[in-house]
Amino acid sequence: MAALACVAFVSLGQWQSRRAEAKRATALELERAEGAAPIELAPGVLDAAALVHKRVAARGVFVADRTVLLNRLRRARPGYEVITPLRFSQSQWHVLVNRGWLPATERAPPEVRTPGGEQRIVGIALARLPRALEAGAASAGRVRQNIDIAAFGAETGLELAPFVIEQHSAADDGLARDWPRVDLGIERNESYALQWYSFAALALVLGVIMSFRRGAAR
């Protein structure tokens, strides 16, 4: 019994270690992307798997009337992350751009300045927008908690690329783009792994003690 428990605990520890290693690789990929030359995106069917966590650039025009504000705290201050579709030049394809953060004001929702004309947006491609806690049904309207790319495409009728660009290039729009470092939870996985390995060691020690006691009782 103790041996089975030991094997199970070791397996769980290895699983958490693998998760930590995968997240560490993702963190390194994001760090390298910051200094890499951007991949120029062309309209059409894009391979999200090949682009996620890469530095990318897209040319197009913002569809300002489809802008959505996501409720987000920044340093304990309420505000919004501004999400606007960018229509690729000479195409009907779009990509969602997380343009930056805007503090909340007495006027709700606040006015958002959107640059007109063709823009070149440089940033990091992300598989999805970070999700916030949402009670009840998914919100709709201009101010929301979350956006699902596929659902937003169906709602608006826009042909959307299957990823989001987190904008890092400068723009005259008054938005803050000092993006907080993504918490991948590496330390948490390492802590869980250590916990499972400790349980395995404890099970092994208890198994040895019980074995000695059974031998002494004979």
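Nothing in this text is a laboratory measurement; each read-out follows from the coordinates by a stated rule. The structure displayed is predicted, hence computed values, not measured ones. Note: ideal-geometry Cβ built from the backbone for every residue, glycine included; neighbour counts use all protein chains shown.
An ellipsoid equivalent to segment 38-178, defined through the eigenvalues of its Cα gyration tensor, has semi-axes of 23, 17, 15 Å when rounded to whole angstrom and sorted largest first. Highest-first packing order for the peptide set 101-111, 87-97, 166-176 is 87-97, 166-176, 101-111, based on the mean count of other beta carbon atoms within 10 Å.
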